[in-house]
1. Tally the DSSP beta bridges in region B:39-176 and give the antiparallel ones as a percent, rounded to 5.
2. To the nearest 20 Debye, how big is the dipole of chain A about its Cα centre, given +1 on the beta carbon of each Lys and Arg and -1 on that of each Asp and Glu?
3. Which residues make up the longest stretch of chain B that has no trypsin sites (Lys or Arg not before Pro) in a DSSP loop with at most 11 other Cβ atoms within 10 Å?
4. Antiparallel as a % of all DSSP beta bridges within the protein assembly as shown, to the nearest 5?
5. Count the lysine pairs in chain B that are 8 or more places apart or on different chains: how many have C-alpha atoms under 25 angstrom apart?
6. Answer rounded, prolate or oblate for region A:95-157, using the Cα gyration tensor with square roots of eigenvalues a ≥ b ≥ c: rounded when a/c is under 1.5, else prolate when a/b is larger than b/c, else oblate.
7. Report the local net charge at B:PRO13: Lys and Arg +1, Asp and Glu -1, summed over other residues whose C-beta lies under 12 Å from its C-beta.
8. Find out how many positive minus negative residues lie around A:PRO305, taking Lys and Arg as positive, Asp and Glu as negative, among other residues whose Cβ is under 12 Å from that of A:PRO305.
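The values are calculated or read from the model by the stated rules, or taken from the named source; none is laboratory data. Owing to the predicted nature of the structure, the values given are computational and were not obtained by experimental measurement. Cβ placement follows ideal geometry from the backbone for every residue including glycine, while neighbour counts extend to all protein chains displayed. The area values use the complete protein model at the heavy-atom level, side chains included, leaving out ligands, DNA and RNA. Shrake-Rupley method; radii C 1.70, N 1.55, O 1.52, S 1.80 Å.
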Amino acid sequence: MARTLAQKVWQDHVVRSAEGEPDLLYIDLHLIHEVTSPQAFDGLRDAGRPVRRPDLTLATEDHNVPTIDIDKPIADPVSRAQVEALRKNCAEFGVPIYSLGNVEQGIVHVVGPQLGLTQPGMTVVCGDSHTSTHGAFGALAFGIGTSEVEHVLATQTLPLKPFKTMAITVNGSLPAGVSAKDLILAVIAKIGTGGGQGYVLEYRGDAIRALSMEGRMTICNMSIEAGARAGMIAPDETTFAYLEGKERAPKGSEWDAAVAYWKTLQTDADAVFDREVVIEASELSPFVTWGTNPGQGVPLSANVPSPADAVDEVDRIAIENALTYMDLVAGTPMRDVKVDTVFIGSCTNGRIEDLRVAAEVMKGRTVADGMRVLVVPGSVRVRLQAHAEGLDTIFSAAGAEWREAGCSMCLAMNPDMLAPGERSASTSNRNFEGRQGPGGRTHLVSPAVAAATAIVGRLASPADLEK
Amino acid sequence: MEAFTVHTGTAAPLRRSNVDTDQIIPAVYLKRITRHGFEDGLFSAWRKDPDFVLNQPAYQGVTILVAGPDFGTGSSREHAVWALQDFGFKVVISSRFADIFRGNSGKGGLLTAQVDQEVVERLWSLLESDPATPVTVDLAAREIHAGDLVASFDVDDYLRWRLMEGLDDVGITLKSADDITTFEERRPAFLPTTV
């Protein structure tokens, strides 16, 4: 029977299957961090259970960690206690960990791929919804809760019902100046924050094939913002070229065996998806959010929507609430929206390619008066690469702050946050109320739009700088 | 985990769609390493507003939350479930739940009852006109009873069985330990390890 990519990976991991019960699925890689793991380790201790496969488990410190003064103890005692709990749990259960100060430390979804740990056809889980990022390699990767973290630690498996499959085909090629971030924001605006619920999304089509691995990770990362548990892209030569030579990628004859298997990881020509969405890449332009969920987005060239545009009563209330929270007036051109903080980073857009794009825009320019700009690399490796390319000098010369690696202002668990009423253009993934700090207002944007906004002081694209 | 069969309590109408987990509990509360005590973080931004439904005297002691579509979107934080439970909620009724939130709820024994938006609207009206209306959620019958309203709700069969039995997933899976070992023996050699 013809199968989709997601179905192939699923079926290759079924440990046990029985009528009326969820499948028991084997997990190839379990990534953990300080926030969603302490109660899981407590559960193991209470039950006297070991970690079944510490060699398939990897911890990194990311959500809580400061992005300045990392050589000093973490100032916030509660954050420090949580990071220390992770270190203690990893030592006790034999789990490898990349702590603050280690050259491999960084955001969990940046670290896995750059080490070559994330490979096609694998199952990857983490107590973090943006685990969908790893689907860019053709892995089945999804976020789990703390009870499931404990379950995977104890058994290296998860009981799961198969997901439905949705094809998102992006035909043609993206216009110049339109990035993977603009594309995924447009997809979410099209299908809605609940549109992907119960589905694995498979991104296909020429515009997806043309993307780098970094761009594919940005796309898959935000699948969760459309409600989908996972996003996937079938592996191809771009994937293999990215992996070859990476520290944890297969070597020698194992590389050949792996590539032979990876090449089978394509949706069969006659496979049927439960739902299909088609998007024409040529119709896309830089995209920004105006509201308080990632589905509330419009092209940068558009205006703030009105409650009168609502499709139903629930939507009308949602638009009204969002406009009030965001302090926006319906009909205002998005380009007139004044911003006071720009955040460039996160598991969505904190990779080297993202920093290159932002640096290209900011090179030789100066940020707007009163503008605060934080540039936070996704990992120490990304930071070092940026140094090697002189990107840090460009950011600093422009007036941006160049920080250490971590999740930072994406979710404001560390000191990097918006003050009440402050408005950011952020390359992160969520514009929820208070996400970047209580009372803070977030517009989700691409790295290019973030950098141009930093210069102009209002939401802008690089094209606006050339005028 | 405590077994769940029937629950009767009072309910709060939350007239909101897309209630994301950052609203249910902001990230600042996630730094704790304990399993309980998250009730102070529940809807913490909204609870600063005296008019917020959970601050109104009429809705004190509620155990059922009735919300609009796409409840629990966003982050995978299970703290969202713990915060609702620590506050006293046993059931959330909504017209659509986010996948991860719904899975997490099942693990912790918080029932997520999915109904048509029309049922949510009727419950909202009923609870706003008479906040003291007892609401019964019958998991065995998959039915909600409130005033004159009787509505069936969706819940996964396997989850319903687990909730009614009060079973713990790890214990169930470890019965298949031999199957896991057999599977591990045939994993390809090219797969990576972290050590």
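1. Values: 9 of 18 bridges.
Within region B:39-176, antiparallel bridges account for around 50 percent of the total.
2. Details: 41 positive and 58 negative charges, 64 e Å.
Using only the charged Cβ atoms, the result is roughly 300 debye.
3. Numbers: sites that count: B:LYS175, B:ARG186.
Value returned for the longest uninterrupted segment is B:1-174.
4. Details: 25 of 79 bridges.
Percent antiparallel among DSSP bridges in the protein assembly as shown is about 30.
5. The result is 6.
6. Verdict is oblate for region A:95-157.
7. Around B:PRO13, the surrounding residues sum to 0.
8. -2
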